[in-house]
């Protein structure tokens with residue numbers, strides 16, 4: 001749940017990197033929240049409620065996906081390539097700093113060598 005809230009707090013931040021955990025926990029909680037909101041909207045006979053929720057989380061979803069691509073060293077535009085973006089989303093991020101920022105895990109390659 002903390003990753004879901006973290007993504008919502010960084011809703012328009014397209015810079016930096018996002019760990020796999022941050023991205024996939026956001027996706028998980030977003031699917032659960034969508035199902036709950038859709039169910040409640042169905043009970044209230046207000047189908048538009050699900051669309052309003054989807055629109056509200058659209059920008060944070062795009063932002064976390066772009067940051068996830070940055071974690072594997074790719075441009076955010078790679079989210080537009082259907083199957084390849086899924087492969088990149090499940091791939092481990094670059095250890096250490098890359099051109100998009102510091103490692104979100106806080107490890108660098110020199111730290112790994114010292115251990």
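Bear in mind these aren't lab numbers, they're just calculated from the coordinates by the rules spelled out. All values derive from a computational prediction rather than experimental measurement. We place every Cβ from the backbone using ideal geometry, glycine too, and count neighbours over all the protein chains shown.
Here are a few things to note about the model shown:
- Most to least packed among 42-52, 22-32 [average Cβ atoms within 10 Å]: 22-32, 42-52
- Hypothetical label at residue 62: residues of the range 1-35 whose amide nitrogen lies under 14 Å (7 Å Cα-Cβ projection): 11-15
- Here the range 3-31 is scanned for amide nitrogen atoms under 18 Å from the site 7 Å beyond the Cα of residue 54 along Cα-to-Cβ, giving 27-31.
- Linear extension gain, residue 14 paired with residue 32, 0.36 nm per residue minus alpha-carbon span: 4.1 nm
- A protection proxy built from the mean count of other Cβ atoms within 10 Å ranks the segments 79-87, 58-66, 12-20, most packed first, as 58-66, 12-20, 79-87.
- Nearest 10 degrees, 0 to 90: helix 20-43 Cα axis against the chain principal axis: 0
- Label positions at residue 1 and residue 39, each projected 7 Å from the Cα along the C-beta direction, are separated by 1.6 nm.
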